[in-house]
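What follows is a short report on a single structure.
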């Protein structure tokens, strides 16, 4: 595949500690792993640790043939190229392992961190294959069973340096807000209005028509949110051998049924272990997620109900319905597709199905994996090494110019807007205009007061002339002062606009760019090949935030 010359001018690094956006636990994990070693499966930075994790994942028994059959069928729905087919078939071999990442099925791939996760996964799979000599497959776990529709139903873009949001409203959550697994929701005709609004928000460019053609091909009425997400991701990462997996499949749930059965029978042990490790972690850091009465949901009536343990029974949260343990286990045997893991059990289901050597995680995921080691041990599933995804901010040339003109760098733009403006004004102020004028007027009065007695000795009537001169000079000084202050205000207004523009670009809505902006804004402006350039230029050493200058 021929790719245009890179639009990336430079990549530099800034420590995570320079930002307020990253939790201490994540910063420590990236910079002083040894302090957290007891909570994880091994130091992600060391090749020998990654190789040992690959060995453990390969040796753990699993039904690879059944897994491959499902993956072939699923990926055929989303565009099964030769590289992906070869990687899926490679999973039949007992020595093959996977580097896995995952994400909710956000509209049009969700924010920028989704491609960053994917890029790190592709890079790391290749690195691990070189390090171990064994086949390594990059896998993307499609988290379509989450029921938070609002979280995945909006796309946010920049339009003339202002943040705009386009929201898909094709479904109305019932009372309680539970639409069931969002990945199952079928796009209505309202998606066409969303697509039109997105296209209108994107500036005219050489790439807009082609980009929107890809998006429209994926997001069409009658297509599920999960299928649309996977199709667009496939279009954005062609020929990379990326394998997608949707756990919302009865055949995969049947493979994971022993894990679910154990959770139903022994959820109290899981809760106790989880609470104990969370308490230890909270002594110095924080607990990212909290224990639940069970770690399973039941999918029923197009809704996703948490199962709350009450003695030997289980209540569908928010209802008066109770199921005893035997009824629940019988349903698991007959209809395993009705069960869904929560955030605690999801990684264990993933690593029960897949030979996961390394999981590529965002900061929040790195944090909650610190709570999971005792749960992996309880389940008898090898815990993967957790590798931080690339974290990056894309800096366009117009923003780079603002940074170059003022004594600020990217992290400074996270500061509250008025406070940042005042700080920059004070830093750049060479003279206090008001003070200089007050001093000048003082000298004026001193001069007139000195000269006036001399004039009056010559001619007493000249005293009035001296006062008239004082008034005229003071008036002219005041006029000059107003002209200077207006010029200073124009400068300040320009500075305020510059800082606002840069802040909206780098910290839209006061948050990290990667957590808010859609990739569509940048792909429209710099071409979809930007993803290939990022694939080549982002550093696989992800222990610092990367500043990508475009």
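Would a scan of the range 242-251 turn up a residue that is free of Cβ contacts under 8 Å to residues at least 40 places away in the same chain, surrounded by fewer than 22 Cβ atoms within 10 Å (Cβ to Cβ) and assigned to a helix (DSSP H, G or I)? Don't jump to the end; show me each part of the working.
Kept after step one, since they are free of Cβ contacts under 8 Å to residues at least 40 places away in the same chain, are these residues of the range 242-251: none.
Checked against the condition, which is being free of Cβ contacts under 8 Å to residues at least 40 places away in the same chain, surrounded by fewer than 22 Cβ atoms within 10 Å (Cβ to Cβ) and assigned to a helix (DSSP H, G or I), the range 242-251 yields no hits at all.
Entry remark, the range 252-292: residues being under 30 Å from the mean Cα position of the chain (by Cα) and part of a helix (DSSP H, G or I) number 17 in total.
Out of all the residues in the range 74-104, which are buried (at least 21 other Cβ atoms within 10 Å of the Cβ) and assigned to a helix (DSSP H, G or I)? Passing the criteria: 74, 75, 78, 84, 87, 88.
Give the range 26-46 a look and list any residue that's within 21 Å of the chain's Cα centre (by Cα) and either farther than 27 Å from residue 537 by Cα or in a loop (DSSP other than H, G, I, E, B) (or both), or say none. Let's see the steps before the verdict.
At the first step, the residues of the range 26-46 found to be within 21 Å of the chain's Cα centre (by Cα) are 26-31, 44.
Within the range 26-46, just 44 meets the criteria.
Quick check on residue 43: is it exposed (fewer than 14 other Cβ atoms within 10 Å of the Cβ) and either closer than 30 Å to residue 380 by Cβ or assigned by TED's automatic domain parsing to the domain that holds residue 226 (or both)? Considered against the rule, which asks whether it is exposed (fewer than 14 other Cβ atoms within 10 Å of the Cβ) and either closer than 30 Å to residue 380 by Cβ or assigned by TED's automatic domain parsing to the domain that holds residue 226 (or both), residue 43 comes out as no.
Could you please let me know if residue 309 is over 24 Å from residue 144 (Cα atoms) and without any contact (Cβ under 8 Å) to a residue 12 or more places away in the chain? So that I can check it myself, show each step before the final result.
Working: over 24 Å from residue 144 (Cα atoms): yes; without any contact (Cβ under 8 Å) to a residue 12 or more places away in the chain: no.
So residue 309 fails the test.
When residue 238 is tested against the conditions (1) in the same structural domain as residue 376 (by TED's automatic domain parsing); (2) touching a residue at least 60 places away in the same chain (Cβ under 8 Å); (3) in a helix (DSSP H, G or I), the lone failure is (3).
Scanning the range 4-37 for residues being free of Cβ contacts under 8 Å to residues at least 24 places away in the same chain and not assigned by TED's automatic domain parsing to the domain that holds residue 384 gives a total of 1. Of all residues in the range 286-300, those being surrounded by fewer than 20 Cβ atoms within 10 Å (Cβ to Cβ) and in contact (Cβ under 8 Å) with a residue 60 or more places away in the chain number 3. Taking the stated definitions as given, is residue 411 more than 21 Å from residue 290 (Cα to Cα) and either free of Cβ contacts under 8 Å to residues at least 40 places away in the same chain or touching a strand residue (DSSP E or B) at 6+ places or on another chain (Cβ under 9 Å) (or both)? Yes; evaluated as a whole, the condition is true for this residue.
The values are calculated or read from the model by the stated rules, or taken from the named source; none is laboratory data. All figures in this text were calculated on a predicted structure; none of them were measured in a lab. Virtual Cβ from ideal backbone geometry, glycine too; neighbours counted across all protein chains shown.
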